[in-house]
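See structure below.
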Amino acid sequence: MAKIETFYEVMRKQGITRRSFLKYCSLTAASLGLSPTFAPKIAHAMETKPRIPVLWLHGLECTCCSESFIRSAHPLAKDVILSMLSLDYDDTIMAAAGYQAEAIIEETIEKYDGNFLLAVEGNAPLNQDGMSCIIAGKPFSEQLLHVAKHCKAIISWGSCASWGCVQAAAPNPTRAVPVHKTPGINKPIIKVPGCPPIAEVMTAVVAYMVTFEKIPELDRQGRPKMFYSQRIHDKCYRRPHFDAGQFVEEFDDEYARKGYCLYKVGCKGPTTYNACSTIRWNEGTSFPIQAGHGCIGCSEDGFWDKGSFYDRLSGIHQFGIESNADELGGAAAAIVGGAVAVHAAASAIKAATNKTEGDK
């Protein structure tokens, strides 16, 4: 097998100093949610391990995953692409085209058979012999299966590759299927869902695999636990309003302007597992809920077929086993009303008592 340069060798060629390299390793550890003590281990891995050859394929999709990926800040996408990875094929950003581009796939398979990663953005339509998505004159499903037979593992970028997304929405006329449901696929798959996934989540998954030479720990659905183990709701800055029964009733009402919880106007944060409320977007600047729009649950399987994005969830018992938002609000109103009545009664009794004592 041909020798591949290490991450560190490539960085040195780019004029990166040792000091900057170690700082980069510390930032990478932070992006992975690791303590600073892991920085030396990451540095050792980058210095000694070869870059991972990657073939990045595109099926039915809108390229939003690539758009997200290239906007990563920690680590920078250019560092991932140029240093961590040997990105041998990506028809969206590569310079080669036509027969030259397609020849790269075969060259990579020949050189690194069983030792490269397959990254998939989008999915394969199976109806009409796959004719709804043609790559280099052949159905994408053929290209996907061919490359998958020779790869080490597969990364399913975004909800299209992970779950099928809008292409698989009912009635799904093209019979689009996610990667893991494509007939003939039998390799380990890491699902990184989202429409699109958060940029730093994508690059951190790659950084983890380069550093530790293994797939990150996955949940039951095949998603990296480091980013998909908690609901958006669990770390949402509006959560105190939810717990207090303070909700936006309709967009742009006085409660929306006060920053109350968006649950009643359809927010799917209580049932969506992702890192949006912690990592956020655009270098940690914001995320949909912070911008005033409820979460639509885009990283969850079937979110496109679960009704309007503005239909509220039902049966969320967050305030006690049998309590929901409406019941809590009603109970709160009753408690406040009861308190007012008790206070009024107490005041009346006190006034009557004072009057009696005065008459004496």
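The values are calculated or read from the model by the stated rules, or taken from the named source; none is laboratory data. Just so you know, these numbers come straight off a predicted model, no measurement behind them. Glycine gets a Cβ as well: all are built from the backbone with ideal geometry, and neighbour counts include every protein chain shown.
Rundown of residues vs (1) under 20 Å from residue 88 (Cβ atoms); (2) modelled with pLDDT of 95 or more; (3) not charged (D, E, K, R), yes/no style:
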position	(1), (2), (3)
141	no, yes, yes
165	no, yes, yes
181	no, yes, no
204	no, no, yes
208	no, no, yes
212	no, no, yes
Residues of the range 259-302 being of a type in the set (Phe, Trp, Tyr) and in contact (Cβ under 8 Å) with a residue 60 or more places away in the chain, in sequence order, are 263, 281
Within the range 138-187, residues more than 25 Å from residue 216 (Cβ to Cβ) and of a type in the set (Ser, Thr, Tyr) come out as 141, 174
Checked against (1) under 29 Å from residue 141 (Cα atoms); (2) crowded, with 19+ Cβ neighbours inside 10 Å, residue 219 satisfies every condition except (2)
Being under 30 Å from residue 284 (Cα atoms), in contact with a helix residue (DSSP H, G or I) (Cβ under 9 Å, 6 or more places away or on another chain) and either part of a strand (DSSP E or B) or free of Cβ contacts under 8 Å to residues at least 12 places away in the same chain (or both) narrows 215, 190 down to just 190
Matching residues in the range 29-83 (at pLDDT below 80 and either in a loop (DSSP other than H, G, I, E, B) or among the acidic types (Asp, Glu) (or both)) number 11
ask   = Has the range 137-155 got at least one residue that is in contact (Cβ under 8 Å) with a residue 60 or more places away in the chain and under 28 Å from residue 38 (Cβ atoms)?
value = yes
So residue 284, is it modelled with pLDDT under 95, surrounded by fewer than 21 Cβ atoms within 10 Å (Cβ to Cβ) and farther than 21 Å from residue 218 by Cα:
yes
